[in-house]
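For reference, the structure is listed below as structure tokens.
Bear in mind that the values in this text are calculations on the coordinates, not laboratory data. Just so it is clear, the model here is predicted, and its values are computed rather than measured. With ideal geometry, Cβ positions are generated from the backbone for all residues, glycine too; neighbour counts draw on all protein chains shown.
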Amino acid sequence: MVTVMELYQLLPRTNCKLCGEATCMAFAVGLLSRKKNISECTPLLEENFKKQKEILESLLLPTKGAEETGMIVHPELCTGCGNCVVACPVDVANDPHGAGIGRAPTNDKVIFKVVEGKVVASNIKECRRFGKNRVLCYACIDPCPVGAIEFV
Ligand code: SF4
Ligand code: SF4
Ligand code: SF4
């Protein structure tokens, strides 16, 4: 589970306020709650922070690319139960050799996977909430026992 302190340690820690927050610690809190995006800390774009930026992106990976749908996945809450993986209609569609026989979905559009005990979202443009003809699908939200998935 990533913590505010871990995120904070990877920031420039100059309290320059360019991100709109008064301190780097406040920005770290914003990152953890998904109210802030890594790109808002412009000093992180400098070459000498390249490595820290990559680590931050990997720590926050579960929501990478999810902005288009408003999806927020809270890895700190996720228990890796896998309910959302098999509840998402995109994950289980056309998958006779995976979800169709009770295994992890294998189709190439899979949105949710559990990696090292935490859910990771990818292929986010396949989500039914994405795009002009979007549908207000709740199939992944309702079965999550800990409220780790939300849409804003
Ligand atoms: S822009 Fe980055 S370095 Fe500056 S206060 Fe915000 S988090 Fe800290
Ligand atoms: S909203 Fe529906 S389509 Fe989108 S990830 Fe959740 S279950 Fe899948
Ligand atoms: S249903 Fe919730 S707790 Fe279970 S894997 Fe999905 S996000 Fe994590």
Estimated [θ] at 222 nm from DSSP helical runs (n ≥ 4, -39500 (n - 2.57)) normalised by residues in the chain, nearest 500: -6000 deg cm²/dmol
So how far apart, in nm, are the two label points at ALA104 and GLU47 if each is 7 Å from Cα heading toward Cβ? 3.9
Pairs of Lys in the range 45-152 closer than 27 Å at Cα, counting only those 8 or more apart or on different chains: 19
Cβ neighbours within 10 Å, averaged per peptide: list 143-150, 101-108 in order, most packed at the top. 143-150, 101-108
Give me the three principal axis extents of the range 66-151 from the C-alpha atoms, as integers in angstrom, largest value leading. 31, 31, 19
Return, for the Cα atoms of the range 1-57, the radius of gyration and Dmax in Å, separated by a comma. 10.0, 28
Rounded to a whole number, the Stokes-Einstein D of the chain in µm²/s (Kirkwood radius over Cα pairs; 10 °C; 1.306 mPa s) is 96
